[in-house]
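For reference, the structure discussed in these notes is given below.
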Amino acid sequence: MRYAICFTPPASDPLSLVAANWLGRNVFSGDMMEPPAVRGLGIHEIAFHTAVPRRYGFHGVLKAPFHLSHDMPESQLLRDLMRFSGTFVPFQIPRIEVARLGNFYSLLPSTPCEQIQYLASAIVQEFDRFRAPLSEAEIERSDPDGLSATQFSNLHRWGNPYVMEEFRFHMPVTGPVNAIDMPRIEPVLRTIFEPVLCEPVMVSNVALMIEEGTGGPFRVHSLHPMGKVSARKIA
C-alpha cells in the first residue's frame, strides 16, 4: 500500500466529472465510468490510451507515491496534513490547458504558477519523514542512468527525481501516445476538456490518495482544506 499527496478538484467540480468520464474511473468513489462517445476515436482506443492515468485517477501529484515508514502511523500523517494544509492560503491557477508533455497528454498551467510550485516543494520537504526509504528495485525502476545529476540527487534525497526545480505540475489525461496517433488524440482531448477549462482552477485543498492493495488503483482517501478554519467560515 502506498500514499500520495496530490491536488484534485472536489468531486462535484465540472472538471472532476469530465475527467472521470474520460478516464473511465471516479477517483473519489472508485466507480468505473462509461467512456464518452467521440467521433474518430473508438471506446476501446480511449480505454487503451487512458489505462495508465485511470489507475492513478484524475490528479496533479505534489508528492509522488510512497510507502509509509514503519514508525509513522497513518493517523499521524492525516493529522499533520490537516495542520499543514491550514497554513496555506487557497489560490488560483489562472488557466489550465491541454498540452503534450513528452509522449503523453496532460492538463498543464498555461503559464508557470509559482504558488503550486512552492506548495509542492513545501509538501515534499515537510512529509519526507513519513516516506520509507526506496528499495533497490524502486530505484532501478526510476532509470537512474537516464537521469541528470540534479534528478539523480533528488531521487536519493527525496525519493523522486522530479521535485523542487525539476517539478512541473501536470494532471495526466493519457498514457504514452504514439506519434502517429497524436493528430487524432489531441483534438479529441481539446473538445472534451476545453469547455471546463474556461475558468481559473481553484486550489483550495490537498488530497491524500491511497493505493488499494499492491499495484491497485488509487483513490482519494481524504481532502484537507487549505486556509485557517475561521477564514474558510467567513468565505
Of the DSSP H helices in the chain, those whose Cα atoms cover at least 18 Å axially and whose Kyte score averages 0.0 or more: 114-127
Normalised contact order of the chain, rounded percent, pairs of Cα under 8 Å and 6 or more residues apart: 34 percent
Dipole axis of the chain (+1 Lys, Arg; -1 Asp, Glu on Cβ), positive-most option in Val173, Phe7, Gly86: Gly86
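Among Arg219, Arg83, Arg184, Arg25, what is the fewest-to-most ranking by other Cβ atoms within 10 Å?
Arg83, Arg184, Arg219, Arg25
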Prolate/oblate/rounded label for segment 79-205 (Cα gyration tensor, a/c 1.5): oblate
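Multiply the residue separation of Asp80 and Thr150 by 0.36 nm, subtract the distance between their alpha-carbon atoms, and state the gained length in nm to one decimal.
Details: separation 70, 0.36 × 70 = 25.20 nm, distance 2.87 nm.
Between Asp80 and Thr150, full extension yields 22.3 nm more.
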Inter-label distance for Met33 and Gln115, nm, one decimal - labels placed 7 Å from Cα along Cα-to-Cβ: 2.5 nm
The chain - mean residue ellipticity at 222 nm from DSSP helices (-39,500 (n - 2.57) per run, n ≥ 4, rounded to 500): -10000 deg cm²/dmol
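Every number in this text was worked out from the coordinates using simple rules, so none of it is lab data. Since we're looking at a predicted model, the values are computed, not measured. Please note: Cβ atoms are built from the backbone with ideal geometry, for glycine as well, and neighbour counts cover all protein chains shown.
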